[in-house]
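Report on one structure; see the data block that follows.
The values are calculated or read from the model by the stated rules, or taken from the named source; none is laboratory data. Everything numeric here is computed off the predicted structure, so don't read it as measured data. Counting neighbours? That spans all protein chains shown, and the Cβs are built from the backbone with ideal geometry, glycine included. Side chains are part of the model used for accessible areas, which takes the heavy atoms of the whole protein and leaves out ligands, DNA and RNA. Shrake-Rupley method; radii C 1.70, N 1.55, O 1.52, S 1.80 Å.
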Amino acid sequence: MARNSYGTTGLKLGATSAILLLSLSFIGALAFAVPAAGASPKFAFTNYEVSRSADSSYAGVSCPNGGTNCWNFNGEPSIATAPDGSIYVSSENTAFNHPSECQDPTGGTIAQNLYICGGTGAWKSTDGGAHFSSLTSPNTNHDTGYATTLWGGDTSTTTATAKNANGFYNVYVVSLEAAVSGLIGDGLATSQDGGATWSNNPAAVQFPNPIAAPGVQDRPWVAAYGAEQVCISSHDGAVTPGIYCSFDGGLTFPQITSGFDAAHEWLTAETSIPGALKIDPNSGTMYLPFSGLASEAEATNPVEVACGNGGIVCPYSLHAVYMAVSTDGGLTFTDYPVYANPNNQTSYGTQFLQAAVDQAGNVYIVYSDGVNLFYSFSTTHGTTWNGPYPVNQSPSNWAVEPWITAGAAGKVDIVWYGSSNCGTGVTVVDNCLQSATWSVYMAQNLNVLANPTGFTQVAVTGTIHEGPVCTGGSGCQSYRGLFDDFGVTTSPTTGLATIVYDNDMYTPNNPQNLPNPDCTSQYVSSTDPAQQDCVHTVIAHQTSGPGLLPKHSFKIKGQALTQQSPTSASYGLTLQNTGDLAISSISVIVAGVVVPMSWNSTLPLQSGSTISGTSVVSVQGLALVLGTAYPAVITATFSDGTSASQASTVTYAQV
């Protein structure tokens, strides 16, 4: 049978829409700090909504800003960080719930059957996630005076790992394409200038038979390596993971392969929609996570073959976890078993499995059984695995839709939607009580390799959803206010997390979480249309607490520049290493001149330690004048080669 355990299909269905395809647009919400619930008080997050992303008239709005223009229509977002620290978000445009978005200003209504008129939304942060500015929609034509696009469904974003010829890291946004008769493929938008402009390849991936079987072709993901290689994974046909690779920045996709190796072709039609494709930025190794049946014997069981037709119940759930690995640039993949639950009625296929790679090349995969989260890790590039290990703890007694990011070796952040009050005995979150409240949670482990269960858990938000959560695609009885996935990334400059997520609560009195014009009331049931009218995308920015990367910092405890004689002065500096790594060298520049230092102890300077140094300098050489303040720049180089600088001033004074 052609099984897709992501509900009936991976498509989104609403009460008034045959197929729900969300466009890309990023929402920020809730600009208040949330303390870590039941965890270390060192963690803190600021939550805020972002503005609309459409044509150029909406571009450049930075949020939070204290104004009234930080609101949006978007949901099911994606997030990625470039090596220079720029963070990009894309999110689907939920214009199907907002008819005003589809109005032709000349008086007509744009025909919207299986595509979205609003396009995909995009945003950029250049300050580590503290603010996001709206970009123009990557894939929407506004030349007619109103938005038209065939794009806007499931979206994913990533960046190149090396700069292009113009000195930028390419930014890629992939979205589902559709036509009136069905899904037709995936479109790719590329920016070669940091999101300022976009070029489009609307035929990046064409589904082989979109009209006959649109319900089994869905969910693209995008990953990149080097300056120009970009690959899209998308499940095609009877749930076969297709990987399409370009080596010219997305202009052409000459390399097409399957995520199934020859020994696992029996998984066709017996697997979940794969999670996001990941590429190790150091080695180029590709990883594609998915779940499926545990053996060929299960797949060829006559009842399994026949199930799904005529009411026949399938004897097995998707109780095995796999990782497809490619070491040749996506030309071929080998499928490695991660974990097979001996209870063949457990399913890991109702939600996306997600993967991450740390800086040492260790690989992680996180998955949910519909109630709890688990993860496994590999120190052998995906060929062998450790785990599973539990992730969520009380009060998050239910945990769904996980995502993971990794930093230095053995350091991970895992995020999910969690609830403490879904209902006694509830094992399918689509059946949760309407009184159930949901929040974003994060669990951090800074030493996975030695202590795989050593997580610190924090509540990142207040309530962002009430009632059931649909994880079954078109098979749900409830609306899809939280949709299917969200994301987290790590800043390469701070090591702190930035999370992007959905919120469908009506909060008119929160200036950092403003409702869109069509969101006028709080929904009261899981089928109340107000739920999807109110959905929007939100940012959670970590402002304190441990990060996933070594901290490179120092503190200037004191400095002085004093006259010794009419021709000489003494410069003194005391510095403390407040970072995580040893400082191997320190350089000082005063008034534009390098000052050689004599230190009272030998470098390297260990974390937490303090060092003092002096230097005799020429008054004439520095052109010193008593009572004048001069610029001083102190640079510390750490044991990993990373440097950090601080600029200050020091006043030339008499002893």
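Which whole-number percent gives the relative contact order of the range 442-505, counting Cα pairs below 8 Å spaced six or more residues apart?
Details: 73 pairs, mean separation 15.5, N = 64.
Rounded, it is 24 percent for the range 442-505.
Using a 1.4 Å probe over the heavy atoms of the protein chains, calculate the carbon and sulfur portion of the accessible area of the range 438-502 as a whole percent.
On the way: 620 of 1430 Å².
That share works out to 43 percent.
Quick one: work out Rg over Rh on the C-alpha atoms of the range 377-471, Rh as Kirkwood radius.
Details: Rg = 14.8 Å, Rh = 14.3 Å.
On the Cα set of the range 377-471, Rg over Rh gives 1.03.
Kirkwood hydrodynamic radius of the range 230-307 from all distinct Cα pairs, in Å?
Working: mean 1/r = 0.0723 Å⁻¹.
For the range 230-307, the Kirkwood estimate is 13.8 Å.
If the chain between residue 394 and residue 255 were fully stretched, how many nm would it gain, using 0.36 nm times the residue separation less the Cα-Cα distance? Before the final figure, lay out each step's value.
Details: separation 139, 0.36 × 139 = 50.04 nm, distance 4.59 nm.
45.4 nm is the gain from fully extending residue 394 to residue 255.
Could you tell me what fraction of 2.2 N^0.38 Å the Cα radius of gyration of the range 419-506 comes to, as a two-decimal ratio?
Rounded to two decimals, the normalised Rg is 1.28.
Need one number: nm distance between label points at residue 620 and residue 557, each 7 Å from Cα along Cα→Cβ, rounded to one decimal.
A separation of 3.6 nm, rounded to one decimal place.
Any chance you could check the Cα centroid distance between the range 387-447 and the range 626-655 for me, in angstrom?
46
Using 0.36 nm times the number of residues separating residue 197 and residue 56, minus their current alpha carbon distance, what extension gain do you get? Spell out each step's value before the answer.
Working: separation 141, 0.36 × 141 = 50.76 nm, distance 1.02 nm.
Here the segment from residue 197 to residue 56 would lengthen by 49.7 nm.
Measuring with a 1.4 Å probe in the full set of protein chains, what accessible area per residue, in whole Å², belongs to the range 282-417?
Details: 4440 Å² over 136 residues.
Each residue of the range 282-417 exposes 33 Å² on average to a 1.4 Å probe.
For 53, 598, 553, write out the residues from largest to smallest accessible area, computed with a 1.4 angstrom probe and no ligands counted. Display every interim value, and only then the final one.
Working: 53 5, 598 75, 553 30 Å².
These residues rank, largest area first, as 598, 553, 53.
Measure off 7 Å from each Cα along the Cα-to-Cβ vector at residue 578 and residue 633, then give the distance between these two points in nanometres to one decimal.
The two pseudo-label positions are separated by 2.1 nm.
Which of the aspartates and glutamates could a cross-linker bridge to residue 124, judged by Cα under 16 Å and excluding same-chain residues fewer than eight apart?
49, 55, 84, 92, 193
Set the Förster radius R0 to 45 Å, insert the Cβ-Cβ distance between residue 603 and residue 65 as r into 1/(1 + (r/R0)^6), and round the FRET efficiency to 0.05. List each step's numbers first, then the result.
Details: r = 45 Å, r/R0 = 0.99.
My answer for the efficiency is 0.50.
State the volume of the convex hull built on the alpha-carbon positions of the range 318-454, expressed per residue in Å³ and rounded to an integer. Each step should come with its number before you reach the end.
Details: hull volume 15.3 nm³, N = 137.
About 112 Å³ per residue, rounded to a whole number.
On the accessible surface of the range 340-422, probed at 1.4 Å, how many percent belong to carbon and sulfur atoms?
Roughly 48 percent, rounded to a whole number.
Excluding residues fewer than 8 places away in the same chain, name every one of the lysines whose C-alpha is closer than 30 Å to that of residue 555.
42, 411
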